[in-house]
Every structure is written in structure tokens, then in C-alpha cells.
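Here the structure is laid out as C-alpha cells; the discussion comes afterwards.
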């Protein structure tokens, strides 16, 4: 086989992988932080390991509705280190960009509003002490301009969850 | 393989079929051919699976002592190293070449899992599957062993079916997505036949396309179709107008049937049998949704027609297997037909006496069909040999 073709077979997928990670890193770096309260439990993913999953409490504005393909958005106002509540919830197409510059894009389902931030991976060593999400847990979310959100940290009463788990062991 | 051949050749010489001179020529030719070392690679396949599972488990353990950046850099170093080994292995023996191609393709799983963990990504499974399919495709296309091409084709099917049923919002959406999903096995089969005579894809990738395409057509679609025939309710679906989406898998089935008929290097009867199998399987799956009048039949009549369709499709599969000299598929098909026969009698007749009488009568009919089929098969083989 042509050495250039072999090189391409090796380099192209690695470059694609790097591109994906790069785009994620840029999106996370440019986002704004918000703090949201959560409730949940700890299952396990065969590939990615243990994680805690939860329902995000966006406040009373976000209601539980049936599944809908059309994207929904919640508008948020960052409050520094304090917990944030949604100021608006509806179809993303109806969002007013002027009054709602910071928003999370997701979908409505029977479980509530899902934005792909409903899990946080934890080291295997803490899986026993984090069987359930402790009371007073919050997630720190980095919200990109596109409305995509990434969980950057999980906290229990202001303390990082792994610090909390160490004390529980 | 050579040992087996030596034994046969000794028997052929003893019976006067070939001379010793020809026997030596055959053995010399077979010995000079490049061996794929499939026994060695079979063991290597187990090793590769263990290695990849091990890497994924290490990723899943999520070591706290390593920062996210270190983990990602570590992954890229390992993936690039495997890439370099792949390039190096291309000039080496079959064994090492295949080991590194497989490791390179499968290791992307570890990368996808790691990124998902680092960025706490919670998304539908089909997205990760799709991304792996894209990343591993080049390696799967150059592989000469069975592992990676088979996994790639199996993942493609799992991906499209997971996409079809995960997150569909309405009845119409489910129909649209499952129609697209049902097209993939047909397209895989079409690609196999189209590329076969043109030598466009590696043999193992082509074989995997056919193997998994037919597996999905037979093992997935026939039980689903059987359920649709038995359960009824097709006219409700028909009324909504969403059955128009069925034109998608029908177009794919037509393409696959045409590709089978136009295939090069294939016996005419086998081409016809394969094309018939594709069309019959699609008709069996979609007719309950396309003909609302079927709903007005009694439940036992619908069950009977469902069982009949099932047996017809699998009989065509058995016929194709016999023509292609695929004994294993033939055995599986006849076993499935036998099982469905027994289930059908219990479904239709209900009581043990009528079921028993029905089975005895049909047993005799099946034996007669079997004898007729065996005669027909011998004739076809004789004709094919000219």
C-alpha cells in the first residue's frame, strides 16, 4: 500500500479526534459559569466509569412536560458564587437574545428539561461513598455562547464533591 | 490446512484421481501461497479484546491523581504510538500488521470514553457510536482479519437502530427513523454485491457487510415482522399516512436486489434466490403496515399468515445458503423453520390433540418437500458444473 495512504489512514482519525477535543476545550474556555442545585444517585457507565446522575433544579419556571424534539432553552442570570434559577423557559426559537444572553439549550422530556449536563464522573475510589448525591449538592456549569453546557465541578454545600467524599470514607 | 490437504491428496492418489506428479505440484502451490495465519490471529484477537477492554477499564477508573490534561495527552501519545506501529506493521508479517490495525481502530473507544468523562458529556449512545465509526473506518477498510470489520459492521447496525429508537418524539418520527434504520442492512448487502466483482473493498470487510446485512435482515426483521402480523393495528398506522416513509427501505431493498442480480462471479440461481430473499423479507416486514385490510382478518388468520411469511422468508434463505454452499447458514435456517413450525401449530390450533395431528401431517409434507428439494438441488449443482 502507498505510504502516503497509510499515513493518511493514521493521521486523519487522530486529527479528527484532536479537532473534537479542541472544539470542546475552546467552547468550555469561552463559557460563563453558573451554579445549579441538583438531586440524584450513582450508576455506572461501562466505558467511562462511575458517575453521579441527577436532576437539575432550575426553579419553578421550568416545568416537566412530555418529550419534544424541538429544542427548549432556559435563560439564566449568573449570580457569582450563588445558586442560579431560570428566568425564562420555552422553545429556543422564541428566546429573546436581548433579554436572555445566557441560556442552556436542551430538550423537554418526561424526566424534565435535559441539557446533557445530568451526569458527573467520579473516580472509582469514591463510588462507594457517593452512592447517592448528597443533600445540598450543586453543579458548576460552564455555559457556552451556543447554549451548550458542560459540568466543570460538583459541589456539596460549597465544597468540591471529591473533598466531601474523602471525609465520608 | 496443508496437513488436511496432504491427507486428501493421499486419498486421491490411492483412488487414481490424480498422479503423484500433480499431487506434488498442488502441494508446492499451496505451500507457496501467503498464509493468513488465522489460528495465530484468532488467539491474537482474544489478546486485542483483552487489551482494549483493559485500557477502557483504566480510563473508567478515572484516576484522581492524574489531571484531565495529562490523561488526554497520555491518550494522544498512546493513539499516535499505535498509529506509528500500524505504519511499521504494514511492512511486516500478517500477524503484526493485523494486530496493530485492530488495536489502532479499537483504541479510539478509549479516547471517546476519556473525553466523555473529562467533559462530563451526557449524550445519546448513537452519537459516540457514530463518531467511533468515522474514526475506525480507515483501519477497518484495510484490515485483512475478521475482528475489526465485523465489529465495525455490528456497531453500524447498533448505531442506526439505537438512533431510531432513542429519542424519537412521535409516531411519525419513529416510523421515519426505523425506516432509515431498516435500510442499512439492505445497503450493506447492496455494497457487498456491488464491490464483490470490482475488487473495491478488502475481502474481510466485504464478508462482514454481507454477514451482518443478512443477519439483520433475517434475525432482526423476521421476528419483528412476525409480531406485526400477529398484533394487527396496521390500519391505525396506515390512516396516519406515516407509512409513506416505508418507501425508504423499499428503495434500499430494490437497490440490494438489483446489486445481487447484477453481481459478477455468481451462479444465476444464487443471484435470483438472494434478490428474492431481500424482496421477500422487505415485503414480509412492511405488508402489515401497507395493507390495512389485513387487520380485518381473524387473529388466528393473521397469526397463520405471519407464520407462513416467516417460513417462506427463511426457506428462501435456506435455498440461497444451499446454492452458495453455506452449510452453517443452511442448518441455522432449517432449524429456525422447524422451531417456527412448532410454535405456529400451538398458536393456531391451541389444543394438544389438534396440534399433534397437525404436526404429524405437516411432518410428512415437510419430508416430501425435503426429498423434492434435495433432487432439485442436485440438478442445479449438476447444471452449474456444466
(request) Check the stretch B:89-109 and report whether any residue there is within 10 Å of chain A (Cβ to nearest Cβ), closer than 25 Å to residue A:144 by Cα, in contact with a helix residue (DSSP H, G or I) (Cβ under 8 Å, 6 or more places away or on another chain) and part of a helix (DSSP H, G or I). (result) no
(request) Return the only residue of B:194, B:152 being within 14 Å of another protein chain (Cβ to nearest Cβ), over 18 Å from residue B:283 (Cα atoms), touching a helix residue (DSSP H, G or I) at 6+ places or on another chain (Cβ under 9 Å) and surrounded by 18 or more Cβ atoms within 10 Å (Cβ to Cβ). (result) B:152
(message) Going residue by residue through the stretch A:112-128, is there one that turns out to be more than 14 Å from the chain's Cα centre (by Cα) and farther than 30 Å from residue B:59 by Cα?
(response) yes
(request) Could you check residue B:77 against (1) closer than 27 Å to residue B:201 by Cα; (2) assigned to a helix (DSSP H, G or I); (3) more than 8 Å from chain A (Cβ to nearest Cβ) and say which number it fails? (result) (1)
(message) Taking the conditions exactly as written (at pLDDT below 90 and in contact with a helix residue (DSSP H, G or I) (Cβ under 9 Å, 6 or more places away or on another chain)), does residue B:262 satisfy them or not?
(response) yes
(message) Among the residues in the stretch B:51-59, are any more than 11 Å from every other protein chain (Cβ to nearest Cβ) and either under 13 Å from residue A:13 (Cα atoms) or surrounded by 23 or more Cβ atoms within 10 Å (Cβ to Cβ) (or both)?
(response) no
(request) Being free of Cβ contacts under 8 Å to residues at least 24 places away in the same chain and in contact with a helix residue (DSSP H, G or I) (Cβ under 6 Å, 6 or more places away or on another chain) is the filter; apply it to the stretch B:110-125 and report the residue that is nearest to the other protein chains (Cβ to nearest Cβ). (result) B:119
(request) Just give me the residues in the stretch B:128-182 being outside any helix (DSSP H, G or I) and touching a residue at least 40 places away in the same chain (Cβ under 8 Å), in sequence order. (result) B:143, B:144, B:145, B:146, B:166, B:167
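Conditions (1) away from every other protein chain (no Cβ under 14 Å); (2) modelled with pLDDT of 90 or more; (3) surrounded by 18 or more Cβ atoms within 10 Å (Cβ to Cβ); (4) at positive phi, marked per residue:
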{"site": "A:11", "(1), (2), (3), (4)": "no, yes, no, no"}
{"site": "A:50", "(1), (2), (3), (4)": "no, no, yes, no"}
{"site": "A:53", "(1), (2), (3), (4)": "no, no, no, no"}
{"site": "A:71", "(1), (2), (3), (4)": "no, no, no, no"}
{"site": "A:105", "(1), (2), (3), (4)": "no, yes, yes, no"}
{"site": "A:113", "(1), (2), (3), (4)": "no, no, yes, no"}
(request) Have a look at B:168, B:140 and point out the one that is out of contact with any strand residue (DSSP E or B) (no Cβ under 8 Å at 6 or more places or on another chain) and surrounded by 21 or more Cβ atoms within 10 Å (Cβ to Cβ). (result) B:140
(message) Exactly one of these conditions fails for residue B:184: (1) under 13 Å from the mean Cα position of the chain (by Cα); (2) within 14 Å of another protein chain (Cβ to nearest Cβ). Give me its number.
(response) (2)
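The values are calculated or read from the model by the stated rules, or taken from the named source; none is laboratory data. Keep in mind that what you see is a predicted model, and the values were worked out from it rather than measured. Methodologically, a virtual Cβ is constructed for each residue, glycine included, from the backbone with ideal geometry; neighbour enumeration extends over all protein chains shown.
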